[in-house]
Amino acid sequence: MPALRRTRVLDVLLGVIGAGLLFVIFSVAGSPDEPAPPATVEVKRATVVSTVSADGNIEPAQEVSLGFETGGRLTALYVNEGSRVRRGQVLARIEDRPARAQVDSARADLASADAALRRTRLGRTVAELTENRRLADQSRVAVRNAQRDLTQARRVGTTNVIALRRALARAQVSGERADLRASQLRLAQERFEVGAQAQAYAAARQQVDRVREDLQDELDEQDLSGSSAGDLNTSPEASVLQNKLAAAERDEQTAKSELDTARANVRTYVRDVQSDRSALRDAQRRLGDARGEVSNGIATAQQQVTTARNSLRTSEAQLDVTLVQNGVDEQGPQAADLADDLATVAGTRASLEQARKSLGDTELVAPVDGVVGRVDAEVGELVGSGGLSSVDSESSGADQGATGGATGAGGAGGAGTSGGSSSAGGNGSSIITLARTQSLQVEVGFDETDAARIRPGYTATISVDALPGRKFAATVAEVDPIETLVNNVVTYDVTLVLDSPRADLKPGMTATADVIVDEATDVLALPRTAVRTPPGAAPTVNVIRRDGQAEPRLVVTGLEGDSNVQIVGGVGLGERVVRAPADTPAPGP
């Protein structure tokens, strides 16, 4: 019995232990029907890097021709021919005041954008809300004042126009026109009278002439008949003719006097007509002035009313804007405002980086260790923009000019020279030729899309097939401006200088160059698999809420790197989003 009891106890213990193991296994593994929770990733600050890659070979190199990224006046030259320099050493400078002003302006813009972002995140204070209400009250007062001004403008305009129209009614020309007609009529009548008097005078003169002729004829006849002088004086016929002549002469004088009087009257009436015409012109001028004043008065009144009406509309619009803005401020920060401010900060930060790069481009920096072989400029001269080119020790002597410049602290650039025997090539902007010692370079061919994104001075990493797992730093020295056609595919040769060549690197080795063409440091970032960008739609992510559920949300993206994407707005630091499985194709356009 004791042995049998022990056996049963042992069986019970083994059963309990087995059940416990099964419980643990199922607890850990979960129900086979329950789906596994989605993989998530946290929004973190990181460096987003975009690179382009191509294969080439390691080759020996000797010279680098250096020129400034941008042209300007040379203000400092720190080396002479034969000077030994180290990589990163400043060799020369050009005028940098405009570039420094750009940096200061960009820094001020960034500070303003940061301050706006902080204000948006914090929302409005009690004092600011009180000020908003005060501004709203001021806008209401402005509306009332504008309404009063409009009413006043209408009343004053109506009063002025009525007064001007009364003055116009008084400024008539009917009386002056009637006076002129009467004067013209009198003048016409008097001119007719002058004509009649002239005819009468002419007739009187003709009568005098006829009587004189008759008298003379009579005298002549008496003289021929032998009559004495005394008889002639007493001749009845002669006496009659003499009396008739005297009467005709009196009639002639009377007609002449009346003609002179009529002519004097004509001159008087002419002056009257001229005076009446002048009076009519003055009256017409006064009438025109009055009409102009009425027109001007109407236009002025209309303008004043229009100005008052526009002022009222402006005041009403300002009141509406103020009330809407106050309503928005009282609701607190909005996601769209935060996204806008974040985008503004990102843009101003990029502008600052570009301004700093432009300032750095005013310094000519040695990209590698070496010895200065030639200096082709003097302080005070204007130097042109150029790039950086590397010349192989076995070059044929043809110029290998390239444009562009270095990024980072200084703009190393220029055009290539032919084995160190000629002056600067390309556009003649190379000012320093640097002979490199113990240096190697890599020449690779990039397609036209990638080559367009590469500039001399960009940093890169070199991988060598013969040395797996190792990376070597390099700098882009030259981008060939002439295309190379291989199997009907256009490529451009890019030369990269190894920063610190190792003895285990040999010329002729096959190498892969990864050139950094864009970089954003210390920015919010997510893996590319966490950001979905359907064709024709905005980027979205699935944010894990506090209840564990995924919520789609629109985001504003910046630089899309090789493995992650810059997030400008839409999600915040520390939020978790769903990440697609590793075998899911990378999203994006």
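Counting Lys and Arg as +1 and Asp and Glu as -1 over every other residue whose Cβ lies under 12 Å from the Cβ of Asp522, the net charge comes to +1.
Once R0 is set to 30 Å, what does the formula 1/(1 + (r/R0)^6) return for the Cβ-Cβ distance between Arg285 and Ala264, expressed as a FRET efficiency to the nearest 0.05?
0.40
In this structure, the amide hydrogen of Leu559, modeled 1.01 Å from its nitrogen in the peptide plane, lies closer than 5 angstrom to those of Gln566, counting only residues at least 5 positions away or on a different chain.
What is the local net charge at Gly570, summed over the other residues whose Cβ is closer than 13 Å to its Cβ (Lys, Arg +1; Asp, Glu -1)?
Around Gly570, the charge tally is -3.
Close amide H partners of Asp361, meaning residues 5 or more places away or on another chain with modelled amide H under 5 Å apart, are Gly411.
Inter-label distance, Thr47 to Thr512: 2.0 nm, where each label sits 7 Å from its Cα along the C-beta direction.
Each residue of segment 39-53 is assigned a 3J(HN,Hα), and the resulting list reads 6, 10, 9, 8, 6, 10, 7, 7, 9, 9, 10, 10, 10, 10, 10 Hz, derived from the Karplus form 6.51 cos²θ - 1.76 cosθ + 1.60 (θ = phi - 60°), x at Gly and Pro. A cut-off of 5 Å between modelled amide H atoms, ignoring neighbours fewer than 5 places along the same chain, links Tyr458 with Thr407, Val476.
Taking neighbour counts of Cβ atoms within 10 Å as a proxy for exposure, in what order, fewest first, do Thr348, Thr449 appear? All intermediate terms of the calculation are to be shown ahead of the outcome.
Numbers: Thr348 19, Thr449 9.
If I rank by nearby Cβ atoms, fewest first, I get Thr449, Thr348.
Packing around the peptides 455-465, 46-56, taken as the average count of other Cβ atoms within 10 Å per residue, puts them in this order, highest first: 455-465, 46-56.
Just so you know, all these numbers are worked out from the coordinates, no wet-lab data involved. Here the structure is a predicted model, which is why all the values come from computation and not from measurement. Cβ sites come from the backbone with ideal geometry, for glycine too, and all protein chains shown count toward neighbours.
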